[in-house]
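The values are calculated or read from the model by the stated rules, or taken from the named source; none is laboratory data. Note that this is a predicted model, so its numbers are computed, not measured. Cβ sites come from the backbone with ideal geometry, for glycine too, and all protein chains shown count toward neighbours.
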Amino acid sequence: MAGVSRDIIVQDIPPTVRSVAEIPDSWRPAPLPFGHAEVVAAVRELVPSADFTDRTWGHVLVGGADIEINVPDRPQLDYFALHIRGADDDAANRFVAQLLQRLGVRAFDVASDTGIFTAS
């Protein structure tokens, strides 16, 4: 797919910070409150055709965006990642926002000015 490529890293982020620059040097992320099975279930609720043939690399197509979900096969996670390719930022952002909302977490976004994902 032509277009932009970006990575989103889902990890414990202090709830009050609005940019990476605001994260205190002393902060250490806690484990996420869920594991592999919950991520896969949430992705499949949003995109029933999600392909998790390889348990640690899911794949979804949303609009003009191709998204890979790298989720370790563990009962509790420290992080998981979304790798987005394609020109349909709106569709990708909607999917990411819905997934994060379902799981009750935030994410780092290397393409964001603040370094933290926000649905725009």
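Applying the criterion of being modelled with pLDDT of 95 or more and among the hydrophobic types (A, V, I, L, M, F, W, C) to the residues of segment 1-12, the residue that is surrounded by the fewest Cβ atoms within 10 Å (Cβ to Cβ) is Ile9.
Restricting segment 64-89 to residues that are in contact with an Asp or Glu (Cβ under 9 Å, 6 or more places away or on another chain) and either exposed (fewer than 14 other Cβ atoms within 10 Å of the Cβ) or among the β-branched types (Val, Ile, Thr) (or both) leaves a set whose member that is nearest to Leu32 (Cα to Cα) is Asp78.
Selection over segment 57-83 of residues that are closer than 25 Å to Ser19 by Cβ and at pLDDT below 95 gives a count of 1.
Taking segment 67-115 as the range and being closer than 15 Å to Val47 by Cα and among the aromatic types (Phe, Trp, Tyr) as the test, only Phe95 passes.
Taking segment 1-85 as the region of interest, the strands (runs of 3 or more DSSP E) fully inside it that hold 2 or more residues being farther than 17 Å from Val105 by Cα and free of Cβ contacts under 8 Å to residues at least 24 places away in the same chain are 51-54, 57-62.
Quick grid of which residues meet (1) among the small types (Gly, Ala, Ser); (2) farther than 18 Å from Leu103 by Cα:
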site	(1), (2)
Ser5	yes, yes
Ile8	no, no
Ala42	yes, no
Asp51	no, yes
Gly63	yes, yes
Ile69	no, no
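Looking across segment 94-117, the residues that are farther than 16 Å from Leu77 by Cα and loosely packed, with under 15 Cβ neighbours inside 10 Å come down to Gln101, Val110, Ala111, Asp113, Thr114. For segment 75-120, the tally of residues that are of a type in the set (D, E, K, R) and in contact with a helix residue (DSSP H, G or I) (Cβ under 6 Å, 6 or more places away or on another chain) stands at 1.
For Pro31, the conditions (1) within 16 Å of Gln101 (Cβ to Cβ); (2) of a type outside the set (Ser, Thr, Tyr); (3) surrounded by fewer than 16 Cβ atoms within 10 Å (Cβ to Cβ) all hold with the exception of (1).
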